[in-house]
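J.: The structure follows.
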Amino acid sequence: MIRKFTIDETCLDDANNPAVTTVGVSNHHIHLCRADMEVLFGKGYELTPKKPLTQPGQFAAEETLTVVGTKAMIEKVRILGPLRNETQVELSETEARMAGIEALLRDSGDLEGTLGCILMGPNGHLVLEHGVICAATHLHLHTDEAARLGIKDHQRVDIYIRSDNKSGCLFDVPARVGELHAKDLHIDTDEANTFKINANSRALILLNENKQ
Ligand SMILES: [Zn+2]
């Protein structure tokens, strides 16, 4: 049986509605571990914060790198701080294909079995054996916001995205809940282009009792 699926659009205009979220577009970026950073930038180097991100404590750095694939290079890929235990390169599917790099669809930090690329920095280059991903869409929620919505960490929710031009749904989006998270739906540039996302775009978190 086909069921009609309706969304109450007026919900999205209520700024106080806890189920309404902003939509953050993650451009390609790189997280570095200290050892890899020192190969690329030199021993004892420290990243220079350029601007804070929506997630508390995270920042876009002044530094960028060139990502090299078998078909093309992607220049000026921004590094995000702080440093992590493992280097991770996040590309959209479109640019990974154009560069000749295989980026598996993964949650951030889930790097087992992923493939690599070459990174070029001002002090040298690095053959990254693994760590290239196409980051899966996810919803960040602070612990208090999640509690208000009755959503647990890693729970999958459905999302309705409304933009001025195109609207649509994303299903089974995992929530990331914690004290160091702030409410924001993170999509990549391919999804942003699909929905023609702009600064006014908002999303509605749809709770599905059948999903945990
Ligand atoms: Zn995120």
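J.: Go ahead and run the numbers for FRET between Ala182 and Asp8, Cβ-Cβ distance against an R0 of 30 Å, rounding to 0.05.
T.: On the way: r = 25 Å, r/R0 = 0.84.
Computed FRET efficiency for Ala182 and Asp8 comes out at 0.75.
J.: Which order do the peptides 22-31, 190-199 take when ranked by the mean count of other beta-carbon atoms within 10 Å per residue, highest first? Intermediate results must be reported in sequence, preceding the final value.
T.: Numbers: 22-31: 18.9, 190-199: 15.9.
Result, highest mean first: 22-31, 190-199.
J.: Assuming 0.36 nm per residue, please report the length gained on full extension of the stretch Lys71 to Ile118 beyond their Cα-Cα distance.
T.: Details: separation 47, 0.36 × 47 = 16.92 nm, distance 1.20 nm.
Fully extending the segment from Lys71 to Ile118 adds 15.7 nm.
J.: Which distance in nm do the two modelled labels at Asn165 and Lys152 give, with both placed 7 Å along the Cα-to-Cβ direction?
T.: According to this spin-label approximation, the distance is 4.0 nm.
J.: Give the order of Tyr45, Tyr160 when sorted by the count of other beta carbons within 10 angstrom, beginning with the fewest. Mind showing how you got there, number by number?
T.: On the way: Tyr45 16, Tyr160 20.
By the 10 Å Cβ count, ascending, the order reads Tyr45, Tyr160.
J.: Under Stokes-Einstein, with the Kirkwood radius over Cα pairs standing in for Rh, what whole-number D in µm²/s applies to the chain at 10 °C and 1.306 mPa s? Before the final figure, lay out each step's value.
T.: Numbers: Rh = 18.3 Å.
For these conditions, the coefficient is 87 µm²/s.
J.: Pairs to check: Lys43/Lys71; Lys50/Lys166; Lys50/Lys183; Lys51/Lys76; Lys51/Lys196; Lys71/Lys183. Give those whose C-alpha atoms are more than 27 Å from each other in this structure.
T.: Details: Lys43/Lys71 31 Å; Lys50/Lys166 32 Å; Lys50/Lys183 22 Å; Lys51/Lys76 16 Å; Lys51/Lys196 25 Å; Lys71/Lys183 37 Å.
Result: Lys43/Lys71; Lys50/Lys166; Lys71/Lys183 exceed 27 Å.
J.: A further question on this structure: Given a cut-off of under 8 Å on Cα pairs at least six residues apart, what relative contact order in percent is computed for the stretch 27-135? Before the final figure, lay out the partial values.
T.: Details: 252 pairs, mean separation 33.5, N = 109.
31 percent.
J.: P(r) tail for the stretch 27-135, what percent of Cα pairs lie past 20 Å?
T.: On the way: 1904 of 5886 pairs.
Taking all Cα-Cα pairs of the stretch 27-135, the fraction more than 20 Å apart is 32 percent.
J.: In the stretch 18-43, which residues have a backbone nitrogen under 17 Å from the label point lying 7 Å from Asp144's Cα in the Cα-to-Cβ direction?
T.: Flagged as within label range: 18-20.
J.: Follow-up question, since we're still on this one. Please state, as a whole number in µm²/s, the translational diffusion coefficient that the Stokes-Einstein equation yields for the stretch 1-80 at 4 °C and 1.567 mPa s, with Rh defined as the Kirkwood radius across alpha carbon pairs. Present the calculation step by step, with values, prior to reporting the outcome.
T.: Details: Rh = 16.4 Å.
Diffusion coefficient, whole number: 79 µm²/s.
Bear in mind that the values in this text are calculations on the coordinates, not laboratory data. Since the model is a prediction, treat every value here as computed from it, not as a measurement. Quick reminder, even Gly has a Cβ in these numbers, built from the backbone with ideal geometry, and neighbours come from all protein chains shown.
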